[in-house]
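The values are calculated or read from the model by the stated rules, or taken from the named source; none is laboratory data. Computed from a predicted model, the values in this text were never measured in an experiment. Counting neighbours? That spans all protein chains shown, and the Cβs are built from the backbone with ideal geometry, glycine included. Ligands, DNA and RNA are stripped out before the accessible areas are found, and what is left, the full protein with its side chains, is counted by its heavy atoms. Shrake-Rupley method; radii C 1.70, N 1.55, O 1.52, S 1.80 Å.
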Amino acid sequence: MSGAQATADPHRLGHGRASRNPASEHAGGGLLSKRIIVGYGFWIFLLSDIIMFSAFFATYAVLVGNTAGGPSGKDLFDLRNVAIETGCLLFSSFTCGIAGIGAQTRRDLWFYGAMTVTFVFGAAFIALEIHEFAGLVAQGAGPTRSAFLSAFFTLVGCHGLHVSAGLLWLLTMMAQVFAKGYRPDILRRVLCFSLFWHALDIIWVGLFTVVYLMGAGQ
Amino acid sequence: MSDFEPGTPPDVAPGEENAESVTTYLVGLGLATLLTIVSFFVAGTSLVWAPSIPVALTVLAIAQMGVHLVFFLHITTGPDNVNNVMALAFGVLIVLLIMAGSLWIMAHMNHNMMPMEQMMQMQR
């Protein structure tokens, strides 16, 4: 048993099948456990990302009342737009899961089709958000107007940047599967991408609740 | 099953656990859609007592995050998942500390600070 493996999985929880065969321990624990260890490492990254977002959420919650005489969330937010954005992101999260199944079972139509749908809905989300930001800046409610708007643009914009990076990663994964096929290492990258995409949707749930729904209903 | 053989079949055989996984995602999508619709409805309604709306929205959001974690991220109570659940618990602890701590401290500082008009007069 290697030392790195012992730290990653001290109770050897990911080795239910592999531990029956002592020879496979030296080969890195087999496909199943490697998938689990990679997923675990990426999950820790995602949690650290969520902690970063929690700092932005805390900043927003502290500054939400400091509008400096400018518009508040109630004057600015268009809940219909937010509902469409939410629908786009939720559905793309679903199709991303379908793409993951397609990759694991090596079905081209499922993988490429579902990834394309995920991209289209993710891009629609970004387009709606850019449109919303441009509208706010045009009516004089840009990030420099008040502490509330600075915090709003930082929090929502940071999520938007994550989604944009996710879209680039999505295209990269499609290209890698196309060029290299469904290799185990590529499949692990697809797993990490789908974890990332689902985590972005979790952050959006907190975001539309705290920022938009509570802001519009004040 | 070694990682280094490119031809190794994945641990999920095609068509075997597959239908079940799609069902999981469909159930997750259904529940998440339902919770989202209820959230948007509650935010705009006048049917419930107004001060209870933020509490209801918070509960709905936490429920929806739970749905995402279980049905999309597959964080479950299985033996493969103990490490993931422990990491999640630690993450939730830190998130709660940051959010509640910031709000608590900043509310106190706000409360103890001199009103802005007086501060401006003192600086003259």
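Per the 1.4 Å probe, what fraction of the accessible area of region B:35-86, in percent, lies on carbon and sulfur atoms?
Reported share for carbon and sulfur atoms: 80 percent.
Using a 1.4 angstrom probe, figure out how much accessible area region A:56-113 has per residue, in square angstrom, rounded to the nearest whole.
40 Å²
State, in square angstrom and to the nearest 100, the accessible area buried between chains A and B, both chains counted, probe radius 1.4 Å.
4500 Å²
To the nearest 20 debye, what charge dipole does region A:52-122 have about its Cα centre, counting +1 at the Cβ of each Lys and Arg and -1 at the Cβ of each Asp and Glu?
It works out to roughly 200 debye.
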